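The values are calculated or read from the model by the stated rules, or taken from the named source; none is laboratory data. Keep in mind the model is a prediction, meaning the values are calculated, not measured. Positions of Cβ are generated from backbone atoms using ideal geometry, with glycine treated the same way; all protein chains shown enter the neighbour counts. Calculation scope for accessible area: heavy atoms of the full protein, side chains included, ligands and nucleic acids excluded. Shrake-Rupley method; radii C 1.70, N 1.55, O 1.52, S 1.80 Å.
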Amino acid sequence: MLSGHNCFRAYLHRFKRDDSPECPSCPEKPEDAEHVFFMCSRFNLQREELETILNQRIQPETLVEAMLSTKAAWNATSTFATEVLTDLRSIERRRARDNN
Ligand SMILES: [Zn+2]
């Protein structure tokens, strides 16, 4: 999941590739991995699906153990991470295009 760090605004901003580190949907929240995967309202639906399959709320402290518990949990977590990162990449591409 964290290999997608280069599409988070908090990261892009630090390296001057984005004008703001903020999440476009959540004012004053930096868009970093923890925010996007565990808190951001943009991904509530996907997160709820994952939490239903894992049968628990996901948290940074417990997610790794939960995703390693069963094959279904692993698959669901991996699907969730892929969906979130794919979405962020397309938003980032759109933003880069609009700025040029
Ligand atoms: Zn957000």
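Some values worked out for this structure:
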quantity	calculated
Count - residues of region 50-64 that are polar (S, T, N, Q), open to solvent by 70 Å² or more (accessible area, probe 1.4 Å) and in a loop (DSSP other than H, G, I, E, B)	3
Qualifying residue in region 27-45 (condition: within 15 Å of the ligand (Cβ to nearest atom), open to solvent by 60 Å² or more (accessible area, probe 1.4 Å), closer than 19 Å to Arg89 by Cβ and in contact (Cβ under 8 Å) with a residue 60 or more places away in the chain)	no
Residues within region 16-26 that are closer than 17 Å to Leu85 by Cβ, touching a helix residue (DSSP H, G or I) at 6+ places or on another chain (Cβ under 7 Å) and more than 6 Å from the ligand (Cβ to nearest atom), tallied	1
